[in-house]
1. Loop-only chymotrypsin sites (Phe, Trp or Tyr not before Pro) in the range 383-439, please: DSSP not H, G, I, E or B, and at most 14 other Cβ atoms within 10 Å.
2. Using alpha-carbon positions, what is the distance between the centroids of the range 132-147 and the range 237-313, in Å?
3. List the trypsin sites (Lys or Arg not before Pro) within the range 194-257 that DSSP assigns to loop and that have no more than 11 neighbouring Cβ atoms inside 10 Å.
4. Grab the other residues whose beta carbon is less than 13 angstrom from that of A183, score K and R as +1, D and E as -1, and report the net.
5. Sum up the charges of everything whose Cβ sits under 12 Å from the Cβ of P259, counting Lys and Arg as +1 and Asp and Glu as -1, but leave P259 out.
6. With a ≥ b ≥ c the root eigenvalues of the C-alpha gyration tensor of the range 309-429, is it rounded (a/c under 1.5), prolate (a/b larger than b/c) or oblate?
7. What does the C-alpha gyration tensor say about the overall shape of the range 178-311? Classify as rounded when a/c is under 1.5, otherwise prolate if a/b is larger than b/c, or oblate.
8. Scanning the chain for helices, which whole DSSP H stretches are 15 Å or more long along the axis (Cα) and average 0.0 or more by Kyte-Doolittle?
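Please treat every number below as a calculation from the coordinates, not as lab data. The structure presented is a predicted model; accordingly, all values stated were derived computationally and were not measured. Note: ideal-geometry Cβ built from the backbone for every residue, glycine included; neighbour counts use all protein chains shown.
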Amino acid sequence: MFIVLTTWALAAALPAAAHGVGGRIDLPIPVWQFAWAAALAVIVSFAMLGRFWTRPRLESAAPGVSLPELAQAIGRLCVPLARLVGLAAFVVLLYAALVGSREVTSNIAPYAVFIVFWVGVQLVSAVIGDVWAGLDPFRTLADIGAWLRAEAIRQPMSPAGHGAGNRWWAVGAMFTFVWLELAYHGGASPRSIGAYLSLYTGVMVVGASVRGRGWVKDADGFGVLFGILAAMAPLNRDRSGTWRLRSPVAGLATLEASPATVRLILVVLGSTTFDGFARSSLWLDVVSNRSGWILTALNTGGLIFGIGVVMFVYRMAIAAMARTTGEPEDELGDAFAPSLLPIVVAYTVAHYFSYLVLDGQAVIRLASDPFGMGWDLFGSTGYRVDYTLLSTAAIAWIQTAAIAVGHVLAVLVAHDRAVERYPHPLAVRSQYPMLAAMIVYTVSGLLLLLGG
């Protein structure tokens, strides 16, 4: 039934050209007609789920099955190797940002940070698993710092633990990153990236030395984001370190979200929303002929407003749900936040997929000369981006499919959580406000994606 539902949604969305590929002129139907067709797909999926999905299914599928022992052994061997690879790549990246060429196109740092890392790791986390947990250089540096401190004072290292339980640092870390990417007028500058990474690393290392090594697990905004996105993935590692395979999105049923985690999700979702709006003719008219800190101030205001709108829509849906169910708003806000994660991934694919596949190819060239010093380490400095790698039609298929499937999955996850908490009739009624929020996100997301 769900496969049929998803296919219907894709069929409704099919004709559109995607953001970054073409504008309205490429659409065989009006933009508003396409957006409301996608919204109708969300409504139909909700109706079908309400009729046939009468009991919770995701929680029982969340544990999955253990991988064979050979796969477990390979996984254990890969963990220390991944730590070394992650740390080495970070050192190269930091050196490139601080000392390498100041030219954006001659330095690997902007491409590696904003394309490969920010977009690529998000998608890999959601589709495969939490690869960042193995690569995370901030956690490695925190461990090294803890070891050096323990040696200096001749005391045992503090245990790694399971995190400090307070993720507000992660929310701040995530906001500063999206501010650097979308608001700061010099965000693409290698030196700006170098300064940000240096400061970020310093905060992680010092915080771990004061609060303990486990502090980084909750303070590192990237680690928290990639970790919760990985709840959607089929491959996961349980608390005992066992690698397991499960159904996609099933892990969202057991994902526990704190108020800070909810804010982090909404910050990422709101930042992508602003990024779409920032490309519209309306916003370009606002910032035209602006530069420097005036441009930064305008973009910062727009970014905060975009995040605020996304938060407002979610809180209104939760408030209406609380009136229907009689449960506290804060509790419901935390409980249903995981249903937003498929939309986060959908927006990432819709806005940045062509950016990753096409502009991301520049990393092949820059891998041979990461610092812009005229090297040719791997013989790839002559590589040129192949813009014919994917046709505009193929990119449009992928991007529009992401919007449709992402919102259908969001409705599914929210509905499953509702039937887990309430009797079926109340569960369906409780989801009317969330359905309205999903429609708002769907329509506004598509209008922004298509330059509406």
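1. On the way: sites: Y383, Y387, W397; in loops: Y383, Y387.
Those satisfying the criteria are Y387.
2. Result: 25 Å between the Cα centres.
3. Numbers: sites: R211, R213, K217, R237, R239, R244, R246; in loops: R213, R239, R246.
Answer by residue number: R239.
4. Working: positive: R290; negative: E181, D275.
Taking every Cβ under 13 Å from that of A183, the sum is -1.
5. On the way: positive: R167, R263, R315; negative: E256, E329, D330, E331, D334.
Result for the local shell: -2.
6. Working: a/c = 4.28, a/b = 2.80, b/c = 1.53.
Taking the square roots of the gyration eigenvalues as a ≥ b ≥ c, the range 309-429 is prolate.
7. oblate
8. Values: long enough: 2-13 (17 Å, 2.00); 31-52 (32 Å, 1.58); 69-99 (45 Å, 1.75); 137-153 (24 Å, 0.41); 168-182 (21 Å, 1.32); 190-211 (31 Å, 0.77); 259-278 (28 Å, 1.22); 292-325 (49 Å, 1.26); 341-357 (22 Å, 1.48); 392-421 (44 Å, 0.99); 432-449 (25 Å, 1.84).
Length and hydropathy pass: 2-13, 31-52, 69-99, 137-153, 168-182, 190-211, 259-278, 292-325, 341-357, 392-421, 432-449.
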